[in-house]
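**Student:** Before I ask anything, let me first share the structure, which is written out below as structure tokens.
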Amino acid sequence: MCVGQIGRALRFAACAAMAAGMNTPTAKPWIEAISAYTPGKAKSDDGRVLIKLSANENPLGCSPHAAAALVDKGASLARYPDPASTALREALGAAYDVDSDLIVCGTGSDELLNLIAMGYAGAGDDIIYVRYGFSVYDIAARKTAANVIVAPDKDYGTDVDALLALVTDKTRVVFVANPNNPTGTYCSDAEIARLHAGLPGNCVLVLDQAYGEYLEDDGPAALELARQHDNVLITRTFSKIYGLAAERIGWCYGQPGLIATLNRVRAPFNVTTAGQAAAIAALGDTDFVTRSRQHNAEWRDWMAAEFAALSNYGVKVIPSWANFLMILFEGNCSAEAAYNGLMAEGYIVRWLPGQGLGSGLRITIGTEDENRGVMAALRKILEAHA
Ligand SMILES: Cc1ncc(COP(=O)(O)O)c(C=O)c1O
């Protein structure tokens, strides 16, 4: 081998070594620690389309006015959307009697939850949420390299004392979903006020009201807290009662300092033109929202009573304020067996062992046919395991 050949061989060996090791992109350790979000499935593992009761969507669809607004906006596809979602913010401001400049719209409320964590926490800071809270809090917190602190629950719901016990001078953000997903529990206005009163002023309290519209009174106390204090944000979404999950539209309200931060870090054109138009139309169709709320309340009560009647099979239902029910399987039939059995019968629900809920299934309230169908299927499965 001549000197030139030896040189080439050495260079090749060095490149190979680098490619195999230090030259490979390596994600930051706190990003590696993230478990990617698991969305509610729509198909079985063998590809069958199932009746989807796994993502807390509106079984009645969306307002016909919202659907029409989506189609109308087809003409302006070549133009960027209004970067500030101005008309939508004004419509929200009028609907909730708040200053529209204190609202930020997002690509779903998911985007806003992530931006809040990014804006207020980083390495060395703490972000707290409650065990069995919404899984995006964990992802949003980890992305910032903050310490993730999980407070124990009380009966699957928010325990204010447990949360407050974990607050230190490092706490920057506390996330509370109210009603909570995936358990459906509700923390009273008085308890939320007590939580806020116990937090230092430099800690942002995020009151996630993705299911707020399912409450009989629409949950105004959270907005009042955000109106009165510089460290409270409420987040809401058009994905649930408004039936616009496909368009990804969320919003958030808080005082000027908080809102300025979110506007600094959000994507420039984060809500599509069609989404803005559909959301404005959806907001205006209060009949559709009322009908959706009534349908949900009626069938949630019916489903809860049906599950309660199955207690002899070790089935327990957690009282819910949202558009789904969390059912615990403590008898012969495990949640996993019920999940697989329902899938075989054509229904997909949510089993969340990754969130510590291996013995529970979360079932979205569906249409009358879907509710009756899933109950009949579950009864059959329970009887087979008895
Ligand atoms: C509690 C809670 N917050 C926020 C979201 C995010 O909703 P979206 O990003 O569709 O607005 C969800 C969605 O399931 C949720 O359950």
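**Student:** Identify the residue in region 38-62 that is of a type in the set (Lys, Arg) and within 21 Å of the chain's Cα centre (by Cα) and, among all such residues, is modelled with the lowest pLDDT. Walk me through how you get there before you give the answer.
**Tutor:** Residues of region 38-62 that are of a type in the set (Lys, Arg), as a first pass: 41, 43, 48, 52.
Applying the additional criterion that residues be within 21 Å of the chain's Cα centre (by Cα) yields 41, 43, 52.
Working: Lys41: 78, Lys43: 81, Lys52: 96.
For region 38-62, the residue satisfying everything is Lys41.
**Student:** Right, next: Hey, could you check region 345-369 for residues that are of a type in the set (A, V, I, L, M, F, W, C) and within 17 Å of the chain's Cα centre (by Cα) and say which is farthest from Thr38 (Cα to Cα)? Can you show your working first?
**Tutor:** Here is the first cut: in region 345-369, the residues of a type in the set (A, V, I, L, M, F, W, C) are 348-349, 351-352, 357, 361, 363, 365.
Among the residues that remain, those that are also within 17 Å of the chain's Cα centre (by Cα) are: 349, 351-352, 357, 361, 363, 365.
On the way: Val349: 13, Trp351: 11, Leu352: 9, Leu357: 14, Leu361: 15, Ile363: 16, Ile365: 20 Å.
Taking the candidates together, the pick is Ile365.
**Student:** Of the residues Leu115, Leu102, only one is under 24 Å from Ile280 (Cα atoms) and within 16 Å of the ligand (Cβ to nearest atom); which?
**Tutor:** Leu115 is the lone residue from the list that is under 24 Å from Ile280 (Cα atoms) and within 16 Å of the ligand (Cβ to nearest atom).
**Student:** Looking at region 113-136, is at least one residue at pLDDT 95 or above, assigned to a strand (DSSP E or B) and open to solvent by 30 Å² or more (accessible area, probe 1.4 Å)?
**Tutor:** Scanning region 113-136, I find no residue that is at pLDDT 95 or above, assigned to a strand (DSSP E or B) and open to solvent by 30 Å² or more (accessible area, probe 1.4 Å), so the answer is no.
**Student:** Can you tell me which of Cys252, Cys203 is more than 15 Å from the ligand (Cβ to nearest atom) and open to solvent by less than 10 Å² (accessible area, probe 1.4 Å)?
**Tutor:** Working: Cys252 fails: more than 15 Å from the ligand (Cβ to nearest atom).
Exactly one residue qualifies, and that residue is Cys203.
**Student:** Out of all the residues in region 225-239, which are out of contact with any strand residue (DSSP E or B) (no Cβ under 6 Å at 6 or more places or on another chain) and open to solvent by less than 30 Å² (accessible area, probe 1.4 Å)? Write out each step before concluding.
**Tutor:** Of region 225-239, the ones out of contact with any strand residue (DSSP E or B) (no Cβ under 6 Å at 6 or more places or on another chain) are 227-230, 239.
Ser239, the sole residue that qualifies.
**Student:** List the pairs whose first member sits in region 366-386 and is more than 17 Å from Gln294 (Cα to Cα), whose second member is of a type outside the set (A, V, I, L, M, F, W, C) and open to solvent by 50 Å² or more (accessible area, probe 1.4 Å), and whose Cβ atoms are under 7 Å apart, counting only residues at least 6 apart or on separate chains?
**Tutor:** Every condition considered, the pairs that remain are Ala377/Glu345; Leu382/Tyr313; His385/Asn332; Ala386/Tyr313; Ala386/Asn332.
**Student:** Here is a further query. In the list Gly354, Gly358, which residue meets the criterion of being in the same structural domain as Phe329 (by TED's automatic domain parsing) and open to solvent by 50 Å² or more (accessible area, probe 1.4 Å)?
**Tutor:** Values: Gly358 fails: open to solvent by 50 Å² or more (accessible area, probe 1.4 Å).
Result of the check over Gly354, Gly358: Gly354.
**Student:** Could you check region 227-239 and list, in sequence order, the residues that are within 16 Å of the ligand (Cβ to nearest atom) and either free of Cβ contacts under 8 Å to residues at least 12 places away in the same chain or not in a strand (DSSP E or B) (or both)?
**Tutor:** Phe238, Ser239
**Student:** Related question: Considering Thr144, Thr171, Thr185, Thr86, which residue is within 16 Å of the ligand (Cβ to nearest atom) and among the hydroxyl-bearing types (Ser, Thr, Tyr)?
**Tutor:** Numbers: Thr144 fails: within 16 Å of the ligand (Cβ to nearest atom); Thr171 fails: within 16 Å of the ligand (Cβ to nearest atom); Thr86 fails: within 16 Å of the ligand (Cβ to nearest atom).
Going through Thr144, Thr171, Thr185, Thr86 in turn, the sole match is Thr185.
**Student:** Also: Any residue in region 178-195 that's aromatic (Phe, Trp, Tyr) and modelled with pLDDT of 95 or more: show its pairings with residues that are open to solvent by 10 Å² or more (accessible area, probe 1.4 Å) and near the ligand (Cβ under 10 Å from one of its atoms) at Cβ separation under 7 Å, as long as the two are six or more apart or on different chains.
**Tutor:** Once the first residue is aromatic (Phe, Trp, Tyr) and modelled with pLDDT of 95 or more and sits in region 178-195, its partners that are open to solvent by 10 Å² or more (accessible area, probe 1.4 Å) and near the ligand (Cβ under 10 Å from one of its atoms) give Tyr186/Asn178.
**Student:** Still on this structure: Output the number of the condition that Ala246 fails; it satisfies all remaining conditions of (1) aliphatic (A, V, I, L, M); (2) surrounded by fewer than 22 Cβ atoms within 10 Å (Cβ to Cβ); (3) away from the ligand (no atom under 16 Å from the Cβ).
**Tutor:** (3)
**Student:** Condition check: in the same structural domain as Met303 (by TED's automatic domain parsing), free of Cβ contacts under 8 Å to residues at least 40 places away in the same chain and either among the small types (Gly, Ala, Ser) or surrounded by 15 or more Cβ atoms within 10 Å (Cβ to Cβ) (or both). Does Phe324 satisfy that?
**Tutor:** Values: in the same structural domain as Met303 (by TED's automatic domain parsing): yes; free of Cβ contacts under 8 Å to residues at least 40 places away in the same chain: no; either among the small types (Gly, Ala, Ser) or surrounded by 15 or more Cβ atoms within 10 Å (Cβ to Cβ) (or both): yes.
When the stated conditions are applied, Phe324 does not pass them.
**Student:** Right, another one. Go over the candidates Ala210, Ala193, Ala222, Ala140 one by one and state the one that is open to solvent by less than 50 Å² (accessible area, probe 1.4 Å), part of a helix (DSSP H, G or I) and touching a Gly at 6+ places or on another chain (Cβ under 9 Å). Break it down stepwise before answering.
**Tutor:** Details: Ala210 fails: part of a helix (DSSP H, G or I); Ala193 fails: touching a Gly at 6+ places or on another chain (Cβ under 9 Å); Ala140 fails: touching a Gly at 6+ places or on another chain (Cβ under 9 Å).
Unique residue meeting the criteria: Ala222.
**Student:** Then there is this: If you scan region 308-321, which residues turn out to be touching a residue at least 24 places away in the same chain (Cβ under 8 Å) and not aliphatic (A, V, I, L, M)? Don't jump to the end; show me each part of the working.
**Tutor:** First pass over region 308-321, keeping only residues touching a residue at least 24 places away in the same chain (Cβ under 8 Å): 310, 313, 315, 318-321.
Scanning region 308-321 gives Tyr313, Pro319, Ser320, Trp321.
**Student:** Of all residues in region 101-112, count the ones that are open to solvent by less than 10 Å² (accessible area, probe 1.4 Å) and assigned to a helix (DSSP H, G or I).
**Tutor:** Taking region 101-112 and keeping what is open to solvent by less than 10 Å² (accessible area, probe 1.4 Å), we get 103-106, 108, 112.
Filter again for assigned to a helix (DSSP H, G or I), leaving 108, 112.
The total comes to 2.
The values are calculated or read from the model by the stated rules, or taken from the named source; none is laboratory data. Small disclaimer: the values here were computed from a predicted structure and weren't measured. Every residue, glycine as well, gets a Cβ built from its backbone with ideal geometry; the counts of neighbours run over all protein chains shown. Protein only, heavy atoms only, side chains kept; ligands, DNA and RNA dropped before computing areas. Shrake-Rupley method; radii C 1.70, N 1.55, O 1.52, S 1.80 Å.
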